[in-house]
1. Give the residues of the stretch A:104-140 that are touching a residue at least 60 places away in the same chain (Cβ under 8 Å) and either of a type in the set (A, V, I, L, M) or under 19 Å from B:G131 (Cα atoms) (or both), sorted by residue number.
2. Among what's in the stretch C:1-51 and is of a type in the set (A, V, I, L, M) and in contact with a Leu (Cβ under 8 Å, 6 or more places away or on another chain), pick the residue that is nearest to D:M1 (Cα to Cα).
3. So, in the stretch D:130-139, exactly how many residues are in contact with a helix residue (DSSP H, G or I) (Cβ under 7 Å, 6 or more places away or on another chain), over 14 Å from D:K103 (Cβ atoms) and at pLDDT 95 or above?
4. Tell me which residues, restricted to the stretch D:66-111, are in contact with a Phe, Trp or Tyr (Cβ under 9 Å, 6 or more places away or on another chain), of a type in the set (A, V, I, L, M) and over 21 Å from C:Y81 (Cα atoms).
5. Among A:I22, A:I40, A:I12, which is out of contact with any helix residue (DSSP H, G or I) (no Cβ under 6 Å at 6 or more places or on another chain) and crowded, with 20+ Cβ neighbours inside 10 Å?
6. Within the stretch C:93-118, restricting attention to residues that are closer than 30 Å to C:V27 by Cα, acidic (D, E) and in a strand (DSSP E or B), which residue is nearest to the chain's Cα centre (by Cα)?
7. Here is a check on your reading of the model: is C:I56 touching a Pro at 6+ places or on another chain (Cβ under 6 Å) and under 20 Å from D:K137 (Cα atoms)?
8. For the stretch A:26-35, what are the residues that are of a type outside the set (S, T, N, Q) and either at pLDDT below 95 or under 18 Å from the mean Cα position of the chain (by Cα) (or both)?
Protein chains: 4
Amino acid sequence: MVNDVKYADIRIGDTASFAKTISEADVYAFAGVSGDFNPIHVDAEFAKGTRFGQRIAHGILTGSLVSTVIGTGLPGKNTVYLSQEMKFLAPVFIGDTLKAEVKVVEKNDEKKILVLDTWVTNQHGRQVLSGQARVMKMEG
Amino acid sequence: MVNDVKYADIRIGDTASFAKTISEADVYAFAGVSGDFNPIHVDAEFAKGTRFGQRIAHGILTGSLVSTVIGTGLPGKNTVYLSQEMKFLAPVFIGDTLKAEVKVVEKNDEKKILVLDTWVTNQHGRQVLSGQARVMKMEG
Amino acid sequence: MVNDVKYADIRIGDTASFAKTISEADVYAFAGVSGDFNPIHVDAEFAKGTRFGQRIAHGILTGSLVSTVIGTGLPGKNTVYLSQEMKFLAPVFIGDTLKAEVKVVEKNDEKKILVLDTWVTNQHGRQVLSGQARVMKMEG
Amino acid sequence: MVNDVKYADIRIGDTASFAKTISEADVYAFAGVSGDFNPIHVDAEFAKGTRFGQRIAHGILTGSLVSTVIGTGLPGKNTVYLSQEMKFLAPVFIGDTLKAEVKVVEKNDEKKILVLDTWVTNQHGRQVLSGQARVMKMEG
């Protein structure tokens, strides 16, 4: 599903979300596309010996779910992504279920630019990512 | 190959890079993992009618190459990703060759935290992404 | 299709083959699984400046088609792969159509071991890989 | 990260390695690229009835990790792969962590050809692949 929310219909405080369980295949596909084969992501033996105790997902993979909310939910079509800040707050393990959320916190009507608070929470309710996005809605 | 650069050996000004041509398969795999099926990425007919004229890569896919430089090049192993800011400066088209680069700009010796300038350039020398990362090097 | 050719039915001189056009997606998936992001495979700008002039497929990707002939054609099911030698004779470019072939050259009846000549040819009739395989056929 | 080790800087005895846990997604992607759908790799019910008791990774998939060490680690960029021999010594199961290693054993200065011993070990320290590679380092 890809929404197409008009700029005029967006209110400060509007929210949208997207949730997905992160599979081993997701982590491996992400490594395969990005080239990031850091052993914490793809070497289970190495990961055992770290503070995390097991392989973790790439932070940017977690961040990509925010892109999904923006690109398919709010505002959806015809959105130009201007910037994204991400703080990685806690590790994401294979099998974790992540919920990415965005909330409109500013509107700049002249340029149709929106500022969105963005965050991702795991199945235990712990925030694993927080940040802010700036997007521009293209219309007519 | 994954480097393991010791914190003590890292100097302000050190750089590393990673380059890759972005294929259609990359964009589709990224859509498949993230769920971001915004038509600008996967609908060539839709894309024709936009300011870009063709499908573009996800901004976060471009950003993932920065993660690759950090996770496999500098500092490589045993790096904890704390934050990443990304400004998306220009569209990335299927077939573009991207070079992601990082440069150490600050060291915080107490916590072994590094601040890195991060940017991505296309084959025409145009910067398509700029930003900054904070990482912590874990060591025995 | 996966054959199950009985050891007793295999004759010296028997052959089998498998053909496929190598897509960019194949090369990128192979990089993504193996971790081999050497720029000759995934960086079109770099590849322009080399003797090859363009990106080439991984040699082992070419070799994997031999595995396909053995594992699905001759002898197919219940074959244990003991060894494979590969000489890489010429570059394989994205879009090339490869035909992998095997030919039985020796039978060791006591252990049900076969020696196979193996080679891969491109659409111009040029051999791009040659070598030899040893396999053991497992049977009830 | 892709190294670019100069021929003159390479010494007999130099080594490099790359490690990765083999996921089900890796085995399936490898089947999808190569076409090798032998049931021992992709049919769990069939595999139960074999000497292995479960699905195993393709031998050439294991071998591809050697290509990664050569193509990204030693010598890295500008390496032409001339040949690879592989003996498959033990089965690799989904979830095994493999470490591929290479060691320079011969240098032919006239043609800048290197001979490398190549082997892959699993998480139990058992060698699953051994062999030898010949590569040529291209330089200005």
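The values are calculated or read from the model by the stated rules, or taken from the named source; none is laboratory data. Note that the structure is a prediction, hence the values are computed from the model and not measured. Methodologically, a virtual Cβ is constructed for each residue, glycine included, from the backbone with ideal geometry; neighbour enumeration extends over all protein chains shown.
1. A:V104, A:V105, A:L114, A:V128, A:L129, A:G131, A:A133, A:V135, A:M138
2. My answer is C:V33.
3. 1
4. Within the stretch D:66-111, D:V69, D:I70, D:V80, D:L82, D:V102 meet the criteria.
5. On inspection, the qualifying residue turns out to be A:I22.
6. Among them, the one singled out is C:E101.
7. Here the answer is yes, as C:I56 does meet what is asked.
8. If the condition is that a residue be of a type outside the set (S, T, N, Q) and either at pLDDT below 95 or under 18 Å from the mean Cα position of the chain (by Cα) (or both), then A:D26, A:V27, A:Y28, A:A29, A:F30, A:A31, A:V33 are the ones that fit.
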